[in-house]
Amino acid sequence: MKDCIFCKIVAGEIPSTPLYADDELYAFNDINPKAPTHVLVIPTEHVDGVAALDERPELLGRLMSRAVKLARELGLEEAGYRLVINQGEDGGQSVGHVHVHLLGGRPLNWPPG
Ligand code: AMP
């Protein structure tokens, strides 16, 4: 989608550090990491947010599954990690292309600020 920064990342128009890519999903390092590991997992197609995936459990499931696999590959499984999806303004969503945050590598406070 025009003017979507994550669509531009998928298209290679904005640089990113890829950690996983296939036809459906893309994972890359967050530019402003909140933890030693902070990865974003997104669908390659434009989807506004998780609210648009209520009728698409397969894609939602594969997004989460890929985040879990990446957490394992990045060595986070033993110590633990957090998966977050922000939805809408009150949810803290700043980029309107659905993304799963994978955070780990330090103890994470709960509840988040
Ligand atoms: P959210 O606030 O849940 O929408 O998260 C958006 C995330 O995208 C933030 O953690 C940003 O740091 C991250 N972000 C924004 N622009 C970029 C970029 N060009 N490359 C990587 N991460 C980005």
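Computed from the coordinates by the stated procedures, all read-outs in this text should not be read as laboratory data. These numbers were taken from a predicted model, which means no experiment stands behind them. Neighbour counts are summed over all protein chains in view; Cβ atoms, including those assigned to glycine, are modelled from backbone coordinates with ideal geometry.
Of note:
- Checklist (1) crowded, with 17+ Cβ neighbours inside 10 Å; (2) in a loop (DSSP other than H, G, I, E, B) applied to Arg66, failing item: (2)
- Some residue of segment 3-23 being within 15 Å of Val95 (Cα to Cα) and of a type in the set (D, E, K, R): yes
- Matching residues in segment 1-26 - criterion: being under 15 Å from Lys69 (Cα atoms) and of a type in the set (A, V, I, L, M): Leu19, Ala21, Leu25
- Selection from segment 1-31 of residues that are within 11 Å of the ligand (Cβ to nearest atom) and among the acidic types (Asp, Glu): Glu13, Asp30
- Residues of segment 79-113 classified as assigned to a loop (DSSP other than H, G, I, E, B) and either of a type outside the set (S, T, N, Q) or more than 8 Å from the ligand (Cβ to nearest atom) (or both), total: 23
- Residue identified as among the β-branched types (Val, Ile, Thr) and over 12 Å from the mean Cα position of the chain (by Cα) among Val39, Val47: Val47
- When residues in segment 8-48 are screened for being farther than 28 Å from Gly75 by Cα and either among the small types (Gly, Ala, Ser) or surrounded by 18 or more Cβ atoms within 10 Å (Cβ to Cβ) (or both), 2 of them pass.
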